[in-house]
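Asks: Quick one: structure below, then a few questions.
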Amino acid sequence: MAKGYWILHVTVTDPGRYPDYVALDTPIVTAHGGRFLVRGGQNEAPETPQRDRHVIVEFPSYQAAVDCYRGAGYQEAATIRRAASDCDIVIVEGTAP
């Protein structure tokens with residue numbers, strides 16, 4: 001079964017509030033089998049301007065990634081994320097093993 005991924009590109013607009021999102025989202029993501037592969041860190045966008053922060057989360061399946069995002073717990077956390085950042089997010093199916 002192919003894994004699922006969240007790919008987020010984020011510009012934090014309220015650094016005082018963004019940690020509240022991270023504190024809520026982390027246990028929700030891990031409860032759905034998610035694992036953070038990239039969470040911030042040094043980056044370079046050699047061809048196109050990008051947001052400041054990049055996050056990649058791996059889930060055991062595409063459906064697990066969708067279910068986590070659509071769940072009430074994550075949507076509560078996402079309300080904080082939306083208030084504290086500008087973010088582009090895509091949920092994508094990986095290639096089969």
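The values are calculated or read from the model by the stated rules, or taken from the named source; none is laboratory data. Here the structure is a predicted model, which means the values were calculated and not measured. Positions of Cβ are generated from backbone atoms using ideal geometry, with glycine treated the same way; all protein chains shown enter the neighbour counts. The area values use the complete protein model at the heavy-atom level, side chains included, leaving out ligands, DNA and RNA. Shrake-Rupley method; radii C 1.70, N 1.55, O 1.52, S 1.80 Å.
Asks: Select from segment 57-77 the residues that are without any contact (Cβ under 8 Å) to a residue 12 or more places away in the chain and either under 22 Å from residue 11 (Cα atoms) or basic (Lys, Arg) (or both) and write down the one among them that is least open to solvent (accessible area, probe 1.4 Å). It would help to see each step written out before you state the result.
Replies: Going through segment 57-77, the residues without any contact (Cβ under 8 Å) to a residue 12 or more places away in the chain turn out to be 70, 72, 75.
Within this subset, residues satisfying the condition of being either under 22 Å from residue 11 (Cα atoms) or basic (Lys, Arg) (or both) are 70, 75.
Details: 70: 175, 75: 53 Å².
Per the stated criteria, the residue is 75.
Asks: If you don't mind, there's one more thing I want to ask. Could you tell me whether any residue of segment 79-95 is free of Cβ contacts under 8 Å to residues at least 40 places away in the same chain and touching a His at 6+ places or on another chain (Cβ under 6 Å)?
Replies: no
Yes/no per residue for (1) aromatic (Phe, Trp, Tyr); (2) closer than 15 Å to residue 69 by Cα; (3) at pLDDT below 95; (4) assigned to a loop (DSSP other than H, G, I, E, B):
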| position | (1), (2), (3), (4) |
| --- | --- |
| 5 | yes, yes, no, no |
| 15 | no, no, no, yes |
| 28 | no, yes, no, no |
| 44 | no, no, yes, yes |
| 48 | no, no, yes, yes |
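Asks: While we're looking at this one, here's another question. Closer than 12 Å to residue 6 by Cα and surrounded by fewer than 18 Cβ atoms within 10 Å (Cβ to Cβ): does that describe residue 47? Break it down into steps so the answer makes sense when it comes.
Replies: Values: closer than 12 Å to residue 6 by Cα: no; surrounded by fewer than 18 Cβ atoms within 10 Å (Cβ to Cβ): yes.
So residue 47 fails the test.
Asks: I'd like to know if segment 41-51 contains one or more residues that are in contact (Cβ under 8 Å) with a residue 12 or more places away in the chain and under 13 Å from the mean Cα position of the chain (by Cα).
Replies: The answer is no; no qualifying residue exists.
Asks: Would you mind finding the one in 29, 38, 12 that is in contact with a Ser or Thr (Cβ under 8 Å, 6 or more places away or on another chain), surrounded by 13 or more Cβ atoms within 10 Å (Cβ to Cβ) and not charged (D, E, K, R)?
Replies: Numbers: 29 fails: in contact with a Ser or Thr (Cβ under 8 Å, 6 or more places away or on another chain); 38 fails: in contact with a Ser or Thr (Cβ under 8 Å, 6 or more places away or on another chain).
After ruling out the rest, the residue left standing is 12.
Table: residues versus (1) open to solvent by 60 Å² or more (accessible area, probe 1.4 Å); (2) outside any helix (DSSP H, G or I).
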{"residue": "55", "(1), (2)": "no, yes"}
{"residue": "80", "(1), (2)": "no, no"}
{"residue": "89", "(1), (2)": "no, yes"}
{"residue": "95", "(1), (2)": "yes, yes"}
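Asks: Condition first: within 15 Å of residue 2 (Cβ to Cβ) and of a type in the set (A, V, I, L, M). Now tell me which residues in segment 59-89 satisfy that.
Replies: Within segment 59-89, 64, 65, 66 qualify.
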